[in-house]
Structures are given as C-alpha cells and as structure tokens.
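Below is one structure, written out as structure tokens; comments come after it.
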Amino acid sequence: MRSRAEIERPPQGPPQPRPGVRLVPIGYRQAPSWTGELARRIGHVLGGAVGIETARLSLESALDVHRGQYNALTLLEGLIALPGSERLLGIVAGDLFIPMLTHVFGQAQLNGRGAILSTYRLDNAVYGLAPDDTLFAARLAKEAIHELGHAFGLVHCHDPDCVMHSSMYVEEIDLKREDLCSDCRQRLSGAAV
Ligand SMILES: [Zn+2]
Ligand SMILES: [Zn+2]
C-alpha cells in the first residue's frame, strides 16, 4: 500500500508560525475517520501545518506478548527514522507502556522530533462506560497537543487547567482545557525551532 499524505492548514492560529506536524497512525489500514478533525484541533492550538500520513510502520516489533502492550520507546525509535523534518505524532490503538510504568497515554522526546500516543485508554469502553465520540475526540486532541508540546520543548505545567498538566488518569484529562496556559504559550512562542 502506498503512503498517503495530505496537508490541512488551520483557518486561524497563534501569531507565531510553528514548524509542521505530521500525524502518523500506526497499525491502521487507512487513516482513521477522526484524523482530519484531530489535525484541525492541533493546528488551532499549536499553529502551523498539520499533515496526515499512513506510514508502513510495524507494530509487531514493539509488542510485549507477556504484557499485551506495546513498548512506546520502540515505536518512537521507528517513528523518528521516517524521512522529513516535521514533528511526528504516531498514534496507535493498542495500549502503550514504558518499562518503568504500567501504562502511558503517550510518550514524547522533549524538544525532539517524535511523540507517540495511544487511543486505548481514551475510549470509554475500557472503563465499561457508554461510548462518547465527543469526549473521545476531546481527550485525543488534548493528549496529542500535550505530547507534541513536549516535542516542541514544553515541560509539565503546574496549572491543572493547562493542557501541559500531567495526567495519570483519564479523569484528569477531562478536567484540563484543550489549550495552553499563558505561560506555556509564551514558552512555545519563544522556543527554538
Ligand atoms: Zn507529559
Ligand atoms: Zn501551562
């Protein structure tokens, strides 16, 4: 299957243009239906162009069969080997872990090229609750912006409303806003590209 790429520019964004972002769904036959809206929401907060690509990256090498989870660090390694200069956000449906934690929503290289995100724990189904597409889309956007924020050099923020606030549980994601606090926004504007 050939890789497919499309570029979506947000209608408006912060005054400072950001370097581009490419969303890379991994393990999907084609880009999931929510990727277009996700790209728009990321562009709205972080600015810059947000593209979508279905890369032929393999999930198998990252699978830990004993844990039934995917190693986020292994996936990041494969992701950042992709050609190009944009910040890359890999997105997987399976559960992610890093060796010292039971699970992670995502993982990013601080001020680096790559970030990875799992939709697994963002879905109400995991908690035995009724599906909620609106809530899922909001959680996905917040965690995508959060991980890309790290890739753009932002660290965790003490403001519980800020999207860069650390979330261990999905309830904490729901409490924060889909935006940067003024301090983080200022840091992002001043960050080296
Ligand atoms: Zn974080
Ligand atoms: Zn903040």
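No value in this document is a laboratory result; all are computed from the given coordinates. This one's a predicted model, so the numbers in the text were calculated from it and none came from an experiment. Note that we place each Cβ from the backbone using ideal geometry, even for glycine, and neighbour counts take in every protein chain shown.
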Fill in: Positive-end residue of Leu180, Leu129, Met100, charge dipole of segment 5-187 with Cβ unit charges
Leu180
Worksheet item: Counting only residues 5 or more places away or on other chains, whose amide H sits under 5 Å from the amide H of Leu154 once H atoms are built in the peptide plane?
Response: Asn111
Worksheet, complete the sentence: Measuring from its Cα centre, the chain shows a charge dipole (+1 at each Lys and Arg Cβ, -1 at each Asp and Glu Cβ) which, in debye to the nearest 20, is 620
Practice prompt. Mind telling me which of Arg56, Arg29, Arg121 comes out most flexible in a GNM of the chain, alpha-carbon contacts under 10 Å?
Written response: Arg29
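Counting each DSSP H run of 4 or more residues in the chain as -39500 (n - 2.57), what helix-only mean residue ellipticity at 222 nm follows after dividing by all residues, to the nearest 500 deg cm²/dmol? Mind showing how you got there, number by number?
On the way: 5 runs with 55 residues, N = 193.
The helix contribution divided over the chain gives -8500 deg cm²/dmol.
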